[in-house]
Amino acid sequence: MNTTLLVQLLVNGVIVGALYGVVAMCFVLIYKASQVVNFAQGEFVLIGAWACWWLVATLKLPFWLSFPVCLVFMALLGVLVQVIVLRPLIGEPVISIVMVTIGLSIFFQALLKWMFGVFVQPFPQVFETQTVQILGLNVESAYLMSLAISLVIMAGFAYFFKYSRMGLAMRATAFDQQAAQSMGVSVKQVFAISWAISSVVSALAGVVVGLVSGVSASVANVGVKVFPAVIVGGLESIIGGVLGGLIIGLLEGLAQFVDSEYLHVGNLITIAPFYAMLIILLIKPYGLFGTKTIERV
Amino acid sequence: MAGSMRPAGDYRTTYASDRTIFPTSGSFYAVCLGIALLCTGPFFLSSYSLALLIQIGIYGIGALGLNILVGFTGQISLGHAAFFGFGAFTSAYLSSKFAVPVALSIPLAGIVTGLLGVIVGLPAARLKGLYLAIATLASQFVLQDFFSRAQWFTGGAAGASAEPYRLFGLSLSGDQKYLYVVLFHVVVMYVFAANLMRTRDGRAMVAVRDHYLSAEIMGVNLTYYRILAFGISSLYAGVAGALMAHYTSFVSSEAFDLLLSVNFLAMVIIGGLGSVMGSLMGTVFIMVLPEVMQAAVRNIQGLGFAQSSAFTEGLAYLKEMAIGLAIVLFLIFEPDGLAARWRKIRAYWKLYPFSY
């Protein structure tokens, strides 16, 4: 057994998993606050990546300036999408909400391909060194930054939801919309802000992926990988989303190891998370931390 | 059958008149006339419009299947394209490896795909709403993975070839002859669906959609009907896929991706959830929209301003964007789809000029 390879793949798994976790967190945030399943989450990641790339590569702005500009743009975009597209659909059945976000994702994906082409565009060099050696393993420095950023974001989320006024309002809205509204929480504002936060954090993840492997339409695949992560963790739990992301990342690393060493079937890494998701859905549909709904007539 | 006109207001007093497919004799003759017109199509239509008609027919069958599942039973499926593909591969496999006549292999492929749908639909017994949507998303990826892996069945990356359609030694393969094959299947499948909704089973499905707890209390077996709906919907997808396979005579696993599933859902939603004819309207809309975009781009180019070449280069993306935008706009402004819009237009003219 090739231990070095296994460890390397597992470390990569944790790092990629942390990224999945961050995107899953954004997904859960929107779902918890406004009961919308965002099938366009991957496109938000991609838009963030392209926006930052455009500022850096085409306008030649320095990275420290273009990064915050990109985040502001994403916050506006998130609010805009919520207000224009999702607000008229409040109270519609699940199928409408699912379809409208799928429609958005098709629209954005085609638009981005039209604007930026289909080829991978590398980011101009941002870090001095591309890889660092940790305990004899090669780790991309952008991944290290992503891990650090992920941890900061997670800590920030924890603080935000536990202590800030807006965070409390969001939790109240997630728990019971009507009760929150009658206590003076502006539900509209909560929805808009949850979309803004979610799209900003998605963009962060997108920029990190772009820094490591260049920007292309495949960055949006994270949006599909988010589903196994949130299902494993439970749709309503932010911690569950993070853990689910880590589990799926590790599973991918493991699948890649088993594939390359023993099975040689080729693309086990892409399909393994979905098998895991199907199994979880069959035996424990509400995931590790999700709330089980009880229905009364 | 009732008279040629229906009185304003609801005057139906018997169950038979409530269940009727054609409310007036006029609507029956209109449908017959439409079919007769389509039959004469091959004599004067160009092969391009014939190909478009054939594709509308094929996707229309698939969309109707999805509408039975989503619109009538209220179960969301994001994996319809995988069943469509499975039907295509099954028919190609049966006709080329076992020399089953194509006329027989198409319905057989439908039945096999229906059985697969029952198996894949098993999670539907436990899941609903969002969780079901995500589970069917997973099955879409798993089946797609199976297509690219199962060399013996699908030919792997190279794809599989399907025999041309023959009946009694008569070859029905070109666009002009194949239109009749597709038309025959469309009529059979649509009549079957319209009648299914008049039976006990059809009403039970609608009850599951409308309020599943009440349905269960009324004695409707939820698990049975949810899985049955999956089976029937996959059967439709399988027949449609098989028709597609023998039309293009070549099946490649790449065609049956998530985008096709989404397109099927778009047809159903734009046409109108829970409407048999709506499925066909939605299919026509989704299939004609790219053509309209193409014509629009050609006109923009005719104007000849500086940026016009960007539109021609991005035509493929413009088509996709139009579909995405159509889904979003329909959901916001006309959530009940074209079928509801058509009903409103009819109701307006029936009472004109006193339309309220």
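The values are calculated or read from the model by the stated rules, or taken from the named source; none is laboratory data. Keep in mind that this is a model prediction, so the values were computed, not measured. Because the Cβ atoms are built from the backbone with ideal geometry, glycine has one as well, and the counts that use them run over all protein chains shown.
Within the range B:328-340, can one find any residue that is outside any helix (DSSP H, G or I) and β-branched (V, I, T)?
Restricting attention to the range B:328-340, the residues satisfying the condition of being outside any helix (DSSP H, G or I) are B:334-336.
Add one more test, that the residue is β-branched (V, I, T), and what stays is none.
There is no residue in the range B:328-340 that is outside any helix (DSSP H, G or I) and β-branched (V, I, T).
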### Task
Mind counting the residues in the range A:239-290 that are among the polar types (S, T, N, Q) and not in a helix (DSSP H, G or I)?
1
### Task
Considering (1) touching a strand residue (DSSP E or B) at 6+ places or on another chain (Cβ under 9 Å); (2) over 26 Å from A:L77 (Cα atoms); (3) modelled with pLDDT of 80 or more, say which one A:T4 fails and leave the rest.
(3)
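Quick one: which of B:M287, B:M277, B:M205, B:M281 is in a helix (DSSP H, G or I) and within 15 Å of B:M189 (Cα to Cα)? Don't jump to the end; show me each part of the working.
Details: B:M287 fails: within 15 Å of B:M189 (Cα to Cα); B:M205 fails: within 15 Å of B:M189 (Cα to Cα); B:M281 fails: within 15 Å of B:M189 (Cα to Cα).
Matching residue, one of B:M287, B:M277, B:M205, B:M281: B:M277.
Looking at the range A:30-85 only, could you name the residues that are charged (D, E, K, R), under 21 Å from A:V120 (Cα atoms) and assigned to a helix (DSSP H, G or I)?
Once the filter is applied, which keeps residues that are charged (D, E, K, R), under 21 Å from A:V120 (Cα atoms) and assigned to a helix (DSSP H, G or I), the range A:30-85 yields only A:E43.
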### Task
Evaluate the range B:76-83: report whether one residue or more is in a helix (DSSP H, G or I), in contact with a helix residue (DSSP H, G or I) (Cβ under 6 Å, 6 or more places away or on another chain) and not small (G, A, S).
yes
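Restricting to the range B:147-185, what's the tally of residues that are assigned to a strand (DSSP E or B) and either touching a residue at least 40 places away in the same chain (Cβ under 8 Å) or in contact with a Lys or Arg (Cβ under 8 Å, 6 or more places away or on another chain) (or both)?
Taking the range B:147-185 and keeping what is assigned to a strand (DSSP E or B), we get B:160-161, B:166-167, B:170-171.
Filter once more, keeping what is either touching a residue at least 40 places away in the same chain (Cβ under 8 Å) or in contact with a Lys or Arg (Cβ under 8 Å, 6 or more places away or on another chain) (or both): B:160-161, B:166-167, B:171.
Result for the range B:147-185: 5.
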### Task
Might you let me know whether the range A:12-23 holds any residue that is within 30 Å of A:Q181 (Cβ to Cβ) and at pLDDT 90 or above?
no
### Message
Go through (1) of a type outside the set (S, T, Y); (2) modelled with pLDDT of 85 or more; (3) more than 16 Å from the chain's Cα centre (by Cα) for B:F192 and report which single condition fails.
### Response
(3)
### Summary
The condition of being of a type outside the set (S, T, Y) and within 14 Å of chain A (Cβ to nearest Cβ) holds, among B:F146, B:F168, B:F153, only for B:F146
### Task
Could you tell me whether any residue of the range B:244-266 is in a helix (DSSP H, G or I), surrounded by 19 or more Cβ atoms within 10 Å (Cβ to Cβ) and modelled with pLDDT under 85?
yes
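Name the single residue, out of those in the range A:91-113 being farther than 19 Å from A:S216 by Cα and in contact (Cβ under 8 Å) with a residue 24 or more places away in the chain, that is surrounded by the most Cβ atoms within 10 Å (Cβ to Cβ). Before you say what the answer is, go through the steps one by one.
Narrowing the range A:91-113 to residues farther than 19 Å from A:S216 by Cα: A:91-103.
In the following step, the residues that additionally are in contact (Cβ under 8 Å) with a residue 24 or more places away in the chain were identified as A:94, A:97-98, A:101-102.
Details: A:V94: 18, A:I97: 22, A:V98: 22, A:T101: 24, A:I102: 26.
For the range A:91-113, the residue satisfying everything is A:I102.
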#### Entry: Among residues of the range B:187-220, those that are without any contact (Cβ under 8 Å) to a residue 12 or more places away in the chain and within 14 Å of chain A (Cβ to nearest Cβ), counted
7
